[in-house]
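Report on one structure; see the data block that follows.
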Amino acid sequence: GGTAMAAVRDVEIDPEGTFKYILVRLQRPGGEERRDIVRGTKAAEFHNHIFEKVNPEMEKLGYECKCLGGGKIDHNSKDKKIRVFGLSTGYGKADHSVTVELLKKVYTDYEITWSDDKK
């Protein structure tokens, strides 16, 4: 069933600051079931550091992971604003509009915007 996939959170990002993020597609091998998740943290110097952490976790749950691209997130928890921008050199630019939709599901009372600006 969809229980394991439901247990995977849509969004896991740092509570504050500006940091790199990636958009990851999870898929059951040979299955139709798929979903996209957002992961971002200041601890990652490069986008692939995030993927290298997420990938084994998801493989344990039986998912194949594909990085759909990356960018940056500016999370201002005081003003309840999130800005999504930039790109990943290695993975290319994520579809920030998809990222914003996922963020809105979690940060329901935030103002969330995106742009193709580099900074």
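The values are calculated or read from the model by the stated rules, or taken from the named source; none is laboratory data. All values derive from a computational prediction rather than experimental measurement. Neighbour counts are summed over all protein chains in view; Cβ atoms, including those assigned to glycine, are modelled from backbone coordinates with ideal geometry. Note: areas computed on protein heavy atoms with side chains; ligands, DNA, RNA excluded. Shrake-Rupley method; radii C 1.70, N 1.55, O 1.52, S 1.80 Å.
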Could you work out how far helix 47-60 tilts from the main Cα principal axis of the chain, as a 0 to 90 degree angle to the nearest 10?
30 degrees
Sequence order, the range 15-21: Karplus ³J(HN,Hα) from phi using 6.51 cos²θ - 1.76 cosθ + 1.60, θ = phi - 60°, Hz rounded, Gly and Pro as x, gives x, 7, x, 10, 7, 6, 9
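Quick one: if the Förster radius is 25 Å, what FRET efficiency do ASP116 and ARG34 give, using the C-beta to C-beta distance and rounding to 0.05?
On the way: r = 26 Å, r/R0 = 1.02.
Taking R0 as 25 Å, the efficiency between ASP116 and ARG34 is 0.45.
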Express as a percent, rounded to the nearest 5, the fraction of DSSP beta bridges in the chain (both residues included) that run antiparallel.
75 percent
Starting from the amide H of LYS72, placed 1.01 Å from N in the peptide plane, find each other amide H under 5 Å away whose residue is 5 or more places distant or on another chain.
TYR21, PHE85, GLY86, LEU87
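Quick check: residue separation of ALA6 and ALA43 times 0.36 nm, minus the Cα distance between them. What number comes out in nm?
Details: separation 37, 0.36 × 37 = 13.32 nm, distance 2.56 nm.
Value of the extension gain: 10.8 nm.
With all pairs of different alpha carbon atoms counted, what Kirkwood hydrodynamic radius in Å does the chain show? Could you put the intermediate results ahead of the total?
On the way: mean 1/r = 0.0697 Å⁻¹.
For the chain, inverting the mean 1/r across all distinct Cα pairs yields 14.3 Å.
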Working from Cα positions, state the angle (0 to 90°, nearest 10) between the long axis of helix 96-106 and the longest principal axis of the chain.
80 degrees
Carbon + sulfur, % of accessible area of the range 9-113 - ligands and nucleic acids excluded, 1.4 Å
49 percent
Taking 0.36 nm per residue of sequence separation and subtracting the Cα-Cα distance, how much length would be gained by fully extending the chain between THR89 and LYS60, in nm to one decimal?
7.7 nm
Rolling a 1.4 angstrom probe over the protein heavy atoms, how many square angstrom per residue are accessible across the chain?
56 Å²
